[in-house]
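**Student:** One structure, pasted below without further comment.
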Amino acid sequence: MAYAYLQCQLPSPLSFLLSALFLLLLPFSSSADAGFSEGINCLHPEILKDEAVARLVELGKVSDAEGYLERVFQSPASVRAGNLIRTWMEDAGLKTWVDRMGNVHGRSEGLNPSEKALLIGSHLDTVVDAGIFDGALGIITALSALKVLNINGMLEKLKRPVEVIAFSDEEGVRFQSTFLGSAAVAGVLPVSVLHVHDKSGVTVQGALRKNSIEISEENLLEVKYDPETVWGYIEVHMEQGPVLETLGLPLGVVKGIAGQTRLKVTVKGQQGHAGTVPMKMRRDPMAAAAELMVVLENLCKQPEDYLAYDGQCLESTVQSLSGSLVCTVGEIWTWPSASNVIPGQVSFTVDIRAMDDLGREAIIYELSRKIHQVCGERSVVCLVERKHDAKAAACDPELSLKLKSAAAAAGGRWGVIDDNGKEESRAVDEVAAAVPVPVLMSGAGHDAMAMSKLTKVAMLFVRCRGGVSHSPEEHVSEDDVWAAGLAVLAFLENTTLSPHLSNNYE
Ligand code: GLV
Ligand code: MN
Ligand code: MN
């Protein structure tokens, strides 16, 4: 079974006449309601697909670097990106503002401003040499869906406020501390983070101040949302893995997000002349770092060989780690970094992720033990700093179910073709009930992790090509962008509009 994009069922001239008659007979029914019903049945490719894709491309050009995409926390390009997103929020009929952590917000209060709000978000920062979908997809699909509601006159009829947040930092590239934006909104960002500095000595506080945003230990909590005012959080994100593509399906929901730890390992040795110091007399931090990286790789490939204490393998830990444990060294610095000098110091990052928090801790413990053993044997001094920790986060089953039915409804709206390539002739609800929406785990970190400390969260994954992400090769097809927009639209209808205003597919 596969999805096929069926033509939007535009109302026939006869149905126009009938609705006009209906409106005359029902003077108290608002014309927006009748128009909405027709409009929402359309698939809105001009907004949910064409415009959304054009915006992804446009945002993907907002970069600090020449020739590749790089937009780290509070860089000049990230401020330009935030301004652009703000204009799109206004275009969707939302009231906008930027908070003290640089997050860009767009909100519609709807009918009941004191009701708990639905938050929808993702991040506007990128990694270095990034693709255009990671983060941006979630912001743009949410804004497209709200724009469809707005042009159908539905935004002021929302039964609860809806707010889109473009978070200022999820990747943690500049300060090595991820989720600066969403953790501040969730109220779990430690004040000490304000004084962490980047490679050129600028602090988080200084980076914000450069963009005229004043944040201090005293006012950081102003960014935090009161959990009593929030109903839930959803996030659309490209899958960044190959599962949906392998299954041949555009959308899936997320069950949980792997926990992660980021370490910085510094190895100090004896700096010297590459031509004169005999090999046996060296205390070379580069060779030690290389050995440590191989130790890490072996440990994470075969945890069962290492997590054995007193001859007793921790079977449950190993089992729960298998399949989800991944470890990466992504960055390395050497001093003084010259080809004819034995380095004096080498530092590198370690990124460790697993679904099982205790298992991740066991790996970190074992790695630290090995680091001290190897460094002792090589007579170099090693320091391990813990830069970032995030526990695995579970998505809320009930909210996820609603997102799942919205994804199925999106499938039902454009139809399904059977294995013989024939269009199915079943009713939309019937098709929706048959649309498979798989449930996946996420190895990548997401703002939803931080937001899970504030409220219930759910995530929708969108198929990507080859499972590739954090690369300019990252790609989501135009039709899948559309599918994601339709799913958000269906979710908004089902959770924020009264049943008589929405097509209720639940
Ligand atoms: C963010 O994309 C991460 O998982 O590192
Ligand atoms: Mn990313
Ligand atoms: Mn991301």
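**Student:** With every protein chain present, what is the per residue accessible area of the range 260-390 (1.4 Å probe, Å²)?
**Tutor:** 54
**Student:** With every protein chain left in place, what is the accessible area of His195 in Å² (1.4 Å probe, nearest 10)?
**Tutor:** 90
**Student:** Give me the number: length gained by fully extending Lys116 to Glu478, i.e. 0.36 nm times residue separation minus the C-alpha to C-alpha distance, one decimal in nm.
**Tutor:** 127.0 nm
**Student:** Suppose accessible area is computed on protein heavy atoms with a 1.4 Å probe; arrange Lys224, Lys61 from highest to lowest.
**Tutor:** Ranked list, largest accessible area first: Lys61, Lys224.
**Student:** Where the accessible area of the range 260-390 is counted over protein heavy atoms with a 1.4 Å probe, how much of it, in %, is carbon and sulfur?
**Tutor:** Carbon plus sulfur share of accessible area: 52 percent.
**Student:** Taking the Cβ-Cβ separation of Ser498 and Glu228 as r and a Förster radius of 25 Å, what is the calculated FRET efficiency to the nearest 0.05?
**Tutor:** Rounded to the nearest 0.05, the efficiency is 0.60.
The values are calculated or read from the model by the stated rules, or taken from the named source; none is laboratory data. Fair warning: this is a prediction, and the values are worked out from it, not measured in the lab. Using ideal geometry, Cβ is built from the backbone for each residue, glycine included, and neighbour counts are taken over all protein chains shown. Areas reflect the complete protein model, heavy atoms only, side chains present, ligands, DNA and RNA absent. Shrake-Rupley method; radii C 1.70, N 1.55, O 1.52, S 1.80 Å.
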